[in-house]
Amino acid sequence: MKKLRRSFLFIMVLTLAMIITACGGGNEGGTSGAGEEEGGTDGGKQNLSLLTGGTGGTYYPLGGQIGNIISDNTDANITPQTSGASAENMETLRNGEAEIAFSQTDIASYALEGKEMFEGAAIDNIQAIASLYPETIQLVTTADSGIKSVEDLKGKSVSIGAPGSGVFINAMQILEIHGLTTDDIKAQNLSFDESTDGIQAGNIDAAFVTAGTPTGAVEALSAQADVVIVPLADDKIAELVEKYPYYSEDSVPSGTYKLESEVKTVAVKAMLVASKDLDETLVYEMTKAMFENTDQITHAKGELIKAETALEGLGDMELHPGAAKYFEEKGISK
């Protein structure tokens, strides 16, 4: 009888173990397994990272909305991530640690060509999805600073962004056109939030900010101080565009940051970049979802995101085959 009981108990334990295994009780394929890691799958959907920028810029809030649109309309789950923006995003894609990223068009071009901050280390595993909207170069200060021109920055404490960042390169080129270098200013390497906080606290006098307008960090500053966006003169804009063709004339509209009048400046384009390894069909679906659901983008830049202008500013950058297929269907070409 004891032998029969032991046999019965053994069979019951074995059966229970088989049931638990069949139901996914272990980590493999379960909720805590690799299936939900970035780049993995989750319920048949692929988990992808979208690199944005700092919380005080435009990439992060806009990336959240674009990520939601793609997640709702494709076989991808998009997770936006904060980052150091363009240059850092390109390096993260190079390392295979993310799949999609925001970037300035000039920085993506430098990455592909191995120039500037990518000198001798070109990135060859990225392709363009589309350009999105103008990224306005804003030289931010306050009325109390007395700064009215780029030349007035001489001897002042100025935030020029992190070394190697898109903002840094923009600042260097604008200073150059005006006959200045970092030797002429007290350069500070700060994020957008740190820059505007520093201006408000009186620790710095001005800051270069490259982002879609209105920019969150600058809006926050305008609630506390009389914000001034330093204009660029027409001849300097022409000189800058001639030497660096990826720039275009732009302006900060009146009313933005409580400005009384429009301010002339320049811009590059914001764009989305993808890893070459991303599936063509998936990128096609992502591109289509984004451009055919722009009405769901409530961010101010949403109205500028159009398929008709999505290839502007990309130059010789190669499109991801999935994105190229969508634009071919729409009859849009460079």
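The values are calculated or read from the model by the stated rules, or taken from the named source; none is laboratory data. None of these values were measured; they are calculated from a predicted model. Glycine also receives a Cβ, built like all others from the backbone with ideal geometry; neighbour counts cover every protein chain displayed. Ligands, DNA and RNA are excluded from the accessible area calculation, which covers all protein heavy atoms including side chains. Shrake-Rupley method; radii C 1.70, N 1.55, O 1.52, S 1.80 Å.
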Selection over region 99-121 where residues are hydroxyl-bearing (Ser, Thr, Tyr) and over 21 Å from Tyr60 (Cβ atoms) yields a count of 2
Within region 157-164, does at least one residue satisfy the condition of being within 27 Å of the chain's Cα centre (by Cα), open to solvent by 40 Å² or more (accessible area, probe 1.4 Å) and in contact (Cβ under 8 Å) with a residue 24 or more places away in the chain? yes
Among the candidates Ala211, Ala207, Ala217, residue that is among the hydrophobic types (A, V, I, L, M, F, W, C) and at pLDDT 95 or above: Ala207
So which of Glu308, Glu239, Glu285, Glu219 ends up being in contact (Cβ under 8 Å) with a residue 12 or more places away in the chain and within 27 Å of Arg94 (Cβ to Cβ)? Glu285
Just need a number here: residues in region 112-128 that are farther than 19 Å from Lys243 by Cα, surrounded by 18 or more Cβ atoms within 10 Å (Cβ to Cβ) and not polar (S, T, N, Q). 5
Suppose the filter is crowded, with 22+ Cβ neighbours inside 10 Å, out of contact with any Pro (no Cβ under 8 Å at 6 or more places or on another chain) and assigned to a strand (DSSP E or B); does Val209 pass it? yes
For region 163-180, enumerate the residues that are part of a loop (DSSP other than H, G, I, E, B) and either out of contact with any Ser or Thr (no Cβ under 7 Å at 6 or more places or on another chain) or at pLDDT 95 or above (or both). Pro163, Gly164, His178, Gly179, Leu180
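Only one residue in Ser131, Ser109 is among the small types (Gly, Ala, Ser) and buried (at least 23 other Cβ atoms within 10 Å of the Cβ). Which one?
One residue alone meets the criteria, Ser131.
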Filter the strands (runs of 3 or more DSSP E) completely within region 18-129 down to those with at least 2 residues that are modelled with pLDDT of 95 or more and in contact with an Asp or Glu (Cβ under 6 Å, 6 or more places away or on another chain). 45-51
Count of residues meeting criterion [at pLDDT 95 or above and either closer than 14 Å to Ile129 by Cβ or among the small types (Gly, Ala, Ser) (or both)] in region 307-323: 8
Quick test of your reading of the structure: Gln200 fulfils all but one of (1) closer than 30 Å to Ile66 by Cα; (2) surrounded by fewer than 18 Cβ atoms within 10 Å (Cβ to Cβ); (3) touching a residue at least 24 places away in the same chain (Cβ under 8 Å). Name the failing condition by number. (1)
Condition met for Gly331 (on the phi > 0 side of the Ramachandran plot and surrounded by fewer than 20 Cβ atoms within 10 Å (Cβ to Cβ)): yes
Pairs only if they're at least six apart or on different chains, beta carbon under 6 angstrom, first in region 52-80 and on the phi < 0 side of the Ramachandran plot, second in a helix (DSSP H, G or I) and among the hydroxyl-bearing types (Ser, Thr, Tyr); list them, first residue then second. Thr52/Tyr59; Thr52/Tyr60; Gly53/Tyr59; Gly53/Tyr60; Asn77/Ser71; Ile78/Ser71
Note on region 318-330: residues part of a helix (DSSP H, G or I) and in contact (Cβ under 8 Å) with a residue 12 or more places away in the chain are Pro321, Gly322, Ala323, Lys325, Tyr326, Phe327, Lys330
Would you please name the residue that is surrounded by the fewest Cβ atoms within 10 Å (Cβ to Cβ), looking only at residues in region 261-296 that are of a type in the set (Lys, Arg) and modelled with pLDDT of 95 or more? Lys276
Restricted to region 134-150 and to residues being surrounded by 22 or more Cβ atoms within 10 Å (Cβ to Cβ) and among the polar types (S, T, N, Q), the residue modelled with the lowest pLDDT is Thr136
Can you tell me how many residues in region 222-249 are among the charged types (D, E, K, R) and at pLDDT 95 or above? 5
Going through region 181-197 one residue at a time, which ones are within 23 Å of Gly54 (Cα to Cα), open to solvent by 50 Å² or more (accessible area, probe 1.4 Å) and either among the hydrophobic types (A, V, I, L, M, F, W, C) or assigned to a helix (DSSP H, G or I) (or both)? Asp193, Glu194, Asp197
Single match in Ile174, Ile137 (criterion: out of contact with any helix residue (DSSP H, G or I) (no Cβ under 6 Å at 6 or more places or on another chain) and either β-branched (Val, Ile, Thr) or more than 22 Å from Glu91 (Cβ to Cβ) (or both)): Ile174
